[in-house]
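J.: Mind looking over this structure? Questions follow.
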Amino acid sequence: MSLAAHSKRVRLLVGCALLAVPSLLMAQAGSLDPTFGSQGIATTPGTSFAAAALQSDGKIVAVGASSNGPTVLRYHTNGALDSTFGTGGQVTLNNNDSGSAFAVAIQRDGKILVATPDKEQLGIFRLNTNGSLDTSFGSKGVAAISSTSIFLTPAIGTIALAGDKILVVAQSTSFGSEVFARLLSNGTLDSSFGTNGAAALASGAQMLALQPSGKILVLASMFTQGAVSRYEANGSLDATFGGAGQAAGFGTGGAMAVIDSSSKFIVAGSLVTPPLTPPVNTMGFLLVRYKSNGNIDTTFGKNGVTTTPFPGNQFSAVAAGALESNGDIVAGGSTAATPNDSRISDFALARYTASGTLDTTFGTNGLVTTTIGSAGSAINTLLIQTNGKILAFGNSGAGTTIARYLSE
């Protein structure tokens, strides 16, 4: 073969190879990942979503409800249901409440903790890795925790692991009853926490996070101006934090994340943002960063605050946040043309640099919206996989919905 012919053949092969490069390699950060579910979206009909966690092997555990009661789902990393878990990837918790599971955590040994109202109390169920009840925990697999009054669905809250101990904060939104408790690894109340294992809350609670020091941050329930309280490891209110143990909040708080080793944290939610067009103003994403001591960190955004409207929409609100390994902050929630259109809202994502400015390499000028079905859809949980990809969980008219986005 002549040199010219060989050169021509090489150019042809290179050209063909370039044409064969998967579109994934050329996709922009914020694009749906076509290797997950169906073109980036996995949906489980007949279920509703409340919370999720990642196993050490990358499998995805989601909790919520079905017509049969509180439900736990497990997915492979590609978004397919894991048939080795329960029945076809699904477990229904056998309790006396037809409501929804609302919190989940994965222990170091792979066992799964799930919170749901149960027999007018808060029930913490522990499942083995195959989805069966771990009967060595609590009473036949369930630890029952009493609250300030009867604890009924619907409920919000979080389970967090402090070493081998289990922290729980929860609120029954129908009765206002609250739980702030710590369990030992066997499911009994930890008497070294609060009074006989339960502590008083300064305000309602929907979310908790642990600072590296072991102190406990608790975000007040929605529509309470995003206030955060801090507690010592023993459950007592930390009076050195903010004002008398509470950091001032504003806007509607929906999510909280401890973001770095210095214990700075972000509260996210929604706030009226420019343009102001009474009588219907624009509601946008709100992020506020605090120092470890509860004071606002004025180095973030503008004097500690950043607000982000979604162009063309009058309503946007954050309900979830996550920190990427490089310090970028991902916020997720919903956006709609008007506040009255929340029933036809879209998944909404924004990514910010560590300084609080929109990351313009993500989506369109830092923003991503995804329309899922014809009914209202909203993100309420964000998780970052070990490969950096972003999992957004929420509900749509089709059921539990997970969307996976590329991070770069």
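The values are calculated or read from the model by the stated rules, or taken from the named source; none is laboratory data. Just so it is clear, the model here is predicted, and its values are computed rather than measured. Here the Cβ is made from the backbone with ideal geometry for all residues, glycine too, and neighbour counts use every protein chain on show. The accessibility values were calculated without ligands, DNA or RNA, using every heavy atom of the protein model including side chains. Shrake-Rupley method; radii C 1.70, N 1.55, O 1.52, S 1.80 Å.
J.: Roughly how many nanometres apart are two label points built 7 Å out from the Cα toward the Cβ at THR361 and SER149?
T.: 5.2 nm
J.: Take the chain, connect every pair of alpha-carbon atoms lying under 10 Å apart with a spring to form a Gaussian network, then pick out the residue of PHE285, PHE393, PHE241 with the largest mean-square fluctuation.
T.: Residue with maximal mean-square fluctuation among PHE285, PHE393, PHE241: PHE241.
J.: How big, on average over all directions, is the shadow cast by the Cα convex hull of the stretch 33-173, in nm²?
T.: Taking a quarter of the hull surface, the average projection is 8.3 nm².
J.: Counting alpha carbon pairs within less than 8 Å and at least 6 residues apart, what relative contact order, in whole percent, applies to the chain?
T.: Over the chain, the number comes to 12 percent.
J.: Next question. From the residues ALA322, PHE347, PHE265, which one has its Cα farthest along the dipole of the stretch 262-382 in the positive direction, the dipole being from +1 and -1 charges on Cβ of Lys/Arg and Asp/Glu about the Cα centre?
T.: Highest projection toward the positive end goes to PHE265.
J.: Mean shadow of the stretch 276-325, computed from the convex hull of its alpha carbons, in nm²?
T.: The orientation-averaged projected area of the Cα hull of the stretch 276-325 comes to 5.0 nm².
J.: Still on this structure, please answer the following. Ignoring ligands and nucleic acids, what accessible area does ASP109 show with a 1.4 Å probe (Å², nearest 10)?
T.: Counting only protein heavy atoms, ASP109 exposes about 90 Å² to solvent.
J.: While we're here: How large is the charge dipole for the chain, taken about the Cα centre, if only the Cβ atoms of Lys, Arg (+1) and Asp, Glu (-1) carry charge, to the nearest 20 debye?
T.: Using Cβ point charges on Lys, Arg, Asp and Glu, the chain gives about 700 debye.
J.: Normalized C-alpha radius of gyration of the stretch 89-137, against 2.2 N^0.38 Å?
T.: So the stretch 89-137 has a normalised radius of gyration of 1.09.
J.: I'd like the accessible area for GLU324, computed on protein heavy atoms only with a 1.4 Å probe and all protein chains in place. Round to 10 Å², please.
T.: 20 Å²
J.: Here is a follow-up. Taking just the alpha-carbon atoms of the stretch 256-381, what radius of gyration and Dmax come out, in angstrom?
T.: Spelled out, the Cα radius of gyration and Dmax of the stretch 256-381 are 14.3, 44 Å.
J.: Quick check: convex hull of the Cα atoms in the stretch 238-330, volume per residue, rounded to a whole Å³?
T.: Here the figure is 105 Å³ per residue.
J.: Treating the beta-carbon of each Lys and Arg as +1 and of each Asp and Glu as -1, no other charges, what is the dipole magnitude of the stretch 300-403 about its Cα centre, to the nearest 20 debye?
T.: The calculated dipole for the stretch 300-403 is roughly 60 debye.
J.: Run the Debye formula on the Cα coordinates of the stretch 354-408, all scatterers equal and no solvent, and tell me log10 I(q)/I(0) at q = 0.23, 0.31 1/Å.
T.: Log10 of I(q)/I(0), two decimals: -1.00, -1.22.
J.: Using Cα centres only, tell me the gap between the stretch 171-250 and the stretch 112-165 in whole Å.
T.: Between the Cα centre of the stretch 171-250 and that of the stretch 112-165, the gap is 17 Å.
J.: Then there's this: Give the residue from PRO117, ALA162, PHE393 lying farthest towards the positive end of the charge dipole for the chain; charges sit on Cβ (+1 for Lys and Arg, -1 for Asp and Glu) and the dipole is referred to the Cα centre.
T.: It is PHE393, whose Cα lies furthest towards the positive end.
J.: Report the normalised scattering of the stretch 233-276 as log10 I(q)/I(0) at q = 0.14, 0.24, 0.27, 0.32 Å⁻¹, calculated by the Debye formula with identical scatterers on the alpha carbons.
T.: Taking Cα atoms of the stretch 233-276 as identical point scatterers yields -0.48, -1.04, -1.10, -1.10.
J.: Which value, in Å² rounded to 10, gives the accessible area of ARG126 with a 1.4 Å probe and all protein chains present?
T.: 20 Å²
J.: Normalised radius of gyration for the stretch 104-246, please: alpha carbon Rg relative to 2.2 N^0.38 Å, two decimal places.
T.: Against the empirical 2.2 N^0.38 Å value, I get 1.00 for the stretch 104-246.
J.: Which residue fluctuates most in the GNM of the chain (Cα springs below 10 Å): LYS59, LYS140, LYS215?
T.: LYS140
J.: Under 20 Å Cα to Cα from LYS119, which lysines show up? Leave out anything in the same chain fewer than 8 places away.
T.: Those lysines meeting the cut-off are LYS140.
J.: Using C-alpha positions alone, give me the convex hull volume of the stretch 317-408 per residue in cubic angstrom.
T.: 87 Å³
J.: Restricting the calculation to Cα positions, tell me the Rg (one decimal) and the Dmax (whole number) of the stretch 127-208 in Å.
T.: According to the Cα coordinates of the stretch 127-208, Rg and Dmax are 12.9, 38 Å.
J.: Using a Förster distance of 35 Å, how high is the FRET efficiency between LYS165 and GLN385, based on the Cβ-Cβ distance and rounded to 0.05?
T.: 0.85
J.: Can you return the lysines within cross-link range of LYS165? Criterion is Cα-Cα under 18 Å, with same-chain partners fewer than 8 residues away left out.
T.: Correct list for LYS165: LYS111, LYS215.
J.: Once the Cα atoms of helix 3-19 and of the chain are each reduced to a long axis, what angle between those two axes, in degrees from 0 to 90 to the nearest 10, is obtained?
T.: The answer is roughly 30 degrees.
J.: Now, a different point. Which three numbers, in whole Å and largest first, are the semi-axes of the equivalent ellipsoid of the chain derived from its Cα gyration tensor as √(5λ)?
T.: Equivalent ellipsoid of the chain: 37, 27, 21 Å, largest first.
J.: Can you give the alpha-carbon Rg of the stretch 169-270 over 2.2 N^0.38 Å, where N counts its residues?
T.: 1.05
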